[in-house]
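A.B. asks: My structure is below; once you've seen it, I'll send some questions.
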Amino acid sequence: MTFEIQSLKNGLIVSCQPVKGGVMDNAAMVVGFALAALNGGAAALRIESADYVRAVRQATDRPIIGLVKRDLTTSPVRITPLIEDVDALAAAGADIIAYDATQRTRPVETRRLIERIQATGKIAMADCSVSSDAAQALREGAEIVGSTLAGYTGPVERPNRTSRSLPPCAGSHPSSLRKAASAPRNRRRKRCGSAPSPSLSAPPLPGRNT
């Protein structure tokens, strides 16, 4: 499937991720969540694991943001940290592949992850914690940046007056990031579609990333 990123503008992206090992942690439940979200007007879905991406892809042709979560002993990075994760998500049918874009110790450099995502014909989404993560991701070629990891990575940089915080979403060009970051808070919410963001929900649990 191919689509224009701008088709997601002002749209709701719904994360359909059950608690690992919980009673809803099975493909049928995830597919049900996903279809219910689409019926309710969601523009795209955020699905964890290649298996669940594959199951949801068989049920819909709507945009899917795929990711893999890992708990590594050598790195705090959890979201799509490895090249093999990218390959598995691409093969499963994800349209967009999300990866941890924070500037932390990691097994694979972010630039290599972006290159691999794009080599598979998919769109790279950078999950960021602070605005400098987003700026770096855009320089490296990511098409989408999001504030997905804001508040999850420990101490963060103190924002300045011209860029209070990373907007819920930003487009494929740095200018869209600058415009959204400098807009008043109420205008930012109107300009950007809802993306997974800890600031919009309950306080994050220690060690958990969206």
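Laboratory data are not the source of any read-out in this text; all were calculated from the coordinates shown. Predicted model, so just to flag it, every value in this text is computed and none were measured. Methodologically, a virtual Cβ is constructed for each residue, glycine included, from the backbone with ideal geometry; neighbour enumeration extends over all protein chains shown.
A.B. asks: State the number of residues belonging to the stretch 13-59 that are in contact (Cβ under 8 Å) with a residue 40 or more places away in the chain, closer than 22 Å to residue 80 by Cα and under 16 Å from the mean Cα position of the chain (by Cα).
C.D. replies: The qualifying residues number 9.
A.B. asks: Inside the stretch 108-141, can you point out the residues that are outside any helix (DSSP H, G or I) and over 19 Å from residue 69 (Cβ atoms)?
C.D. replies: Selection gives 109, 120, 121, 123, 130, 141.
A.B. asks: Got a sec? Which of 70, 46, 104, 54 is out of contact with any Phe, Trp or Tyr (no Cβ under 9 Å at 6 or more places or on another chain) and within 20 Å of residue 136 (Cβ to Cβ)?
C.D. replies: That would be 104, the only listed residue that is out of contact with any Phe, Trp or Tyr (no Cβ under 9 Å at 6 or more places or on another chain) and within 20 Å of residue 136 (Cβ to Cβ).
A.B. asks: Now for a separate question. Taking the stretch 34-45, which residues are within 18 Å of residue 92 (Cα to Cα) and out of contact with any Gly (no Cβ under 8 Å at 6 or more places or on another chain)?
C.D. replies: 34, 35, 45
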